[in-house]
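The values are calculated or read from the model by the stated rules, or taken from the named source; none is laboratory data. Just so it is clear, the model here is predicted, and its values are computed rather than measured. As a convention, Cβ positions derive from the backbone with ideal geometry for all residues, glycine included, and neighbour counts pool all protein chains shown.
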Amino acid sequence: MFVDRLMLNTVMIITSHNKLKNYLETDLKNSISLGFVPTMGALHDGHITLMQEAISQCDFLVVSIFVNPTQFDNKSDLQKYPRNITQDVEFIKQHIDPKKLVVYAPETDDVYGNNPIAKKYGYDGLEQVMEGANRLGHFDGVGTILEFLFTIIKPDKAFFGEKDFQQLQIVKKLVEKLKLDIEIVGCPIKREAHGLAMSSRNERLTTDGRNKAALIYETLQKAAVYFKDHSIYKTQKFVEETFLNYPEFNLEYFTIASEETLKPVKRKYKNHLYRGFIVVHLEGVRLIDNIALPH
Ligand code: PAF
């Protein structure tokens, strides 16, 4: 058994990838199936839903908590990112049986040595739109950390929220390109009572801001109804004009795209799946959401 694995109130926390690998390959080698939920901490109910789904489908769960520096294009966003491992682990423990779980919470040098640099990935164009176009290098950073984690952990299934729908599609592509035998499971967006998609960033909003942010999902739902009888152009305008009435919101983009290619579309075709993707800024916080657009 390991000398420097840390038990925080009975949740096992491992901070070294070699120890984690060793633990999974020796102590757990007879475990039937392994689920994985990667996170950057600042955990909320949305993460817990992913963990609950993982543990309902698999025998044992690995949760990683690591604020990955290479996926931030903005230094101040990286610095401001909340970090509180004790609180995160306490929160997990309230919802998931600690006996069925290990937390991997490394420092940056355990992952990157002294060279936190992203590898370059091509995801057949999925990375060139929306978050990829607006946050340069973001998906190279996500690919780098996930390739590292997938290779160490070798999960049977990994669970991702649909809030970051583009990330979910990119992770599926990553696994396909790297020929990894991992099933990527997308889970529905977990929302606050008034509809705001759960996110670690919501913590940075004032109570008033958090209430006002309900407008995002309200507008997406209206757009989904509107889309049934209106063109893509008109639906786009509908969303843009709605936000013009609320100057406290700054709409970065609302894009209607094909669910499969994520390419923005100008015309609707039967039997194609579309989604509306939105990013707005409120009180200096960048909020992201999306909705399926049946037609
Ligand atoms: O979605 C996230 O929190 C991150 O992008 C992930 C998948 C944990 C990689 O750092």
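Using the structure shown, decide if TYR269 is among the aromatic types (Phe, Trp, Tyr) and modelled with pLDDT under 95. I'd like the intermediate steps shown before the answer.
Numbers: among the aromatic types (Phe, Trp, Tyr): yes; modelled with pLDDT under 95: yes.
Yes: the conditions hold for TYR269.
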What's the number of the condition MET130 fails, among (1) surrounded by fewer than 19 Cβ atoms within 10 Å (Cβ to Cβ); (2) touching a Phe, Trp or Tyr at 6+ places or on another chain (Cβ under 7 Å); (3) not small (Gly, Ala, Ser)? (1)
Residue hits (region 235-281; over 16 Å from ALA133 (Cα atoms), aromatic (Phe, Trp, Tyr) and in contact (Cβ under 8 Å) with a residue 40 or more places away in the chain) are TYR274
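Is it the case that GLY132 is assigned to a helix (DSSP H, G or I), of a type outside the set (Ser, Thr, Tyr) and touching a His at 6+ places or on another chain (Cβ under 8 Å)? Give the steps one after another, and end with the answer.
Numbers: assigned to a helix (DSSP H, G or I): yes; of a type outside the set (Ser, Thr, Tyr): yes; touching a His at 6+ places or on another chain (Cβ under 8 Å): yes.
Taking the combined requirement at face value, the residue satisfies it.
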Just for helices (runs of 4 or more DSSP H) wholly inside region 148-255: which have at least 2 residues that are in contact with a strand residue (DSSP E or B) (Cβ under 6 Å, 6 or more places away or on another chain), more than 16 Å from the ligand (Cβ to nearest atom) and farther than 25 Å from THR108 by Cα? 214-229, 232-244
Against the definition (within 15 Å of the ligand (Cβ to nearest atom), crowded, with 17+ Cβ neighbours inside 10 Å and either in a loop (DSSP other than H, G, I, E, B) or within 18 Å of the chain's Cα centre (by Cα) (or both)), how does PRO116 come out, yes or no? no
I'm trying to understand the selection: among the residues of region 54-83, which are within 15 Å of the ligand (Cβ to nearest atom), touching a Gly at 6+ places or on another chain (Cβ under 9 Å), more than 16 Å from GLY141 (Cβ to Cβ) and not basic (Lys, Arg)? ALA54, LEU61, VAL62, ILE65, PRO82
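Can you find a residue in region 283-292 that is over 19 Å from the mean Cα position of the chain (by Cα), touching a residue at least 12 places away in the same chain (Cβ under 8 Å) and either closer than 29 Å to ASP124 by Cβ or buried (at least 16 other Cβ atoms within 10 Å of the Cβ) (or both)?
Looking through region 283-292, none of the residues is over 19 Å from the mean Cα position of the chain (by Cα), touching a residue at least 12 places away in the same chain (Cβ under 8 Å) and either closer than 29 Å to ASP124 by Cβ or buried (at least 16 other Cβ atoms within 10 Å of the Cβ) (or both).
Does region 18-27 contain any residue that is within 16 Å of the ligand (Cβ to nearest atom), in a loop (DSSP other than H, G, I, E, B) and in contact with a helix residue (DSSP H, G or I) (Cβ under 9 Å, 6 or more places away or on another chain)?
Of the residues in region 18-27, the ones within 16 Å of the ligand (Cβ to nearest atom) are 20.
Next, only the ones that are in a loop (DSSP other than H, G, I, E, B) stay: none.
No: region 18-27 contains no residue that is within 16 Å of the ligand (Cβ to nearest atom), in a loop (DSSP other than H, G, I, E, B) and in contact with a helix residue (DSSP H, G or I) (Cβ under 9 Å, 6 or more places away or on another chain).
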Taking first residues from region 158-187 that are within 24 Å of ASP45 (Cα to Cα) and in contact (Cβ under 8 Å) with a residue 12 or more places away in the chain and second residues anywhere that are surrounded by 19 or more Cβ atoms within 10 Å (Cβ to Cβ) and among the hydroxyl-bearing types (Ser, Thr, Tyr), the pairs with Cβ under 6 Å that are 6 or more apart or on different chains are ILE170/TYR123
Within region 90-102, identify whether any single residue is within 14 Å of the ligand (Cβ to nearest atom) and either at pLDDT 95 or above or in contact with a His (Cβ under 6 Å, 6 or more places away or on another chain) (or both), and answer yes or no. no
